[in-house]
1. Just to be sure, is Asn64 among the polar types (S, T, N, Q), touching a helix residue (DSSP H, G or I) at 6+ places or on another chain (Cβ under 7 Å) and surrounded by 13 or more Cβ atoms within 10 Å (Cβ to Cβ)?
2. Please specify each residue of the stretch 105-154 satisfying the condition of being β-branched (Val, Ile, Thr) and within 19 Å of Asp49 (Cα to Cα).
3. Could you check the stretch 18-55 and list, in sequence order, the residues that are modelled with pLDDT under 55, loosely packed, with under 13 Cβ neighbours inside 10 Å and either closer than 17 Å to Val67 by Cα or of a type outside the set (Phe, Trp, Tyr) (or both)?
4. Consider Ser172 carefully, then state whether it is without any contact (Cβ under 8 Å) to a residue 24 or more places away in the chain and more than 16 Å from Asp32 (Cα to Cα).
Amino acid sequence: MKLISKINKMKCLILFALSMLFTQCFSISDDDELSLPLTLYAGNELRIDGYYYQIGYDEKTIYNPYVFYKNGIIISLGGLANSFEEMDEYLKKTQLHKRVKYAWGVFVIEGNTIKFERWYPSERPYRAFVREGAILNDTTFHITKSYRANGTEVNQKDEIYHFREFSPKPDSTNPYIK
C-alpha cells in the first residue's frame, strides 16, 4: 500500500513539475478571464476552516481537495490519498500549487447555491469553467453542472464534496487573482 501511495505521489509531483514547465512556455494573456466576481465570504452556509474533498468510487480514496478562503478565493490542490492522514500530510507539504495558474479560482455563494470558477489544465490557453450546485449543509455540497461563462460546454455533474477540518490551510496569496 505504501509503495502504491508513494508512486501516486511521485506521479502527481511529476505532472505538476511538467505543467509548470509548459506554463512558462506559453503566454498567459490568452487564457480565459474569470467571470465570477471576487467577493468576500462572510456567510455561514459553508465551513471554511479546512478543505472539501470527494470520495472515490472505491469508498476508500480521498481526492480533489479544495480550500475556500474568506477573501473569495479557492485553490484546487489536486492529489489523491488512501487516508485522511495521508491527504493532510500531502496538503502540508505541497507548494507546487503556488506557481500553477490552474490551481486557483474564485467562489460565490448565493442562498443555497455555490458556484466556483477556475482554470483547467487541458491545454493552453487555459479555459475557465464554472462549477455550480447546491449546498446541502455547512459541510457538504453537491455540484450538478459545469459550464464556460460564455454558455458553451455545459456538462451535467454529480460531485459530492465533504468537509474536513484542517489547519494550517495553505496561504491564498497568488499572482493570478487580485
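1. no
2. Once the filter is applied, which keeps residues that are β-branched (Val, Ile, Thr) and within 19 Å of Asp49 (Cα to Cα), the stretch 105-154 yields Val106, Val108, Ile109, Ile114, Ile135, Thr139, Thr140.
3. Leu18, Leu21, Gln24, Cys25, Ser27
4. For Ser172, the condition - without any contact (Cβ under 8 Å) to a residue 24 or more places away in the chain and more than 16 Å from Asp32 (Cα to Cα) - is not met.
The values are calculated or read from the model by the stated rules, or taken from the named source; none is laboratory data. Please read all numbers here as calculations on a predicted model, not as lab measurements. Cβ coordinates were reconstructed from backbone atoms using ideal geometry, including for glycine residues, and neighbour counts include every protein chain displayed.
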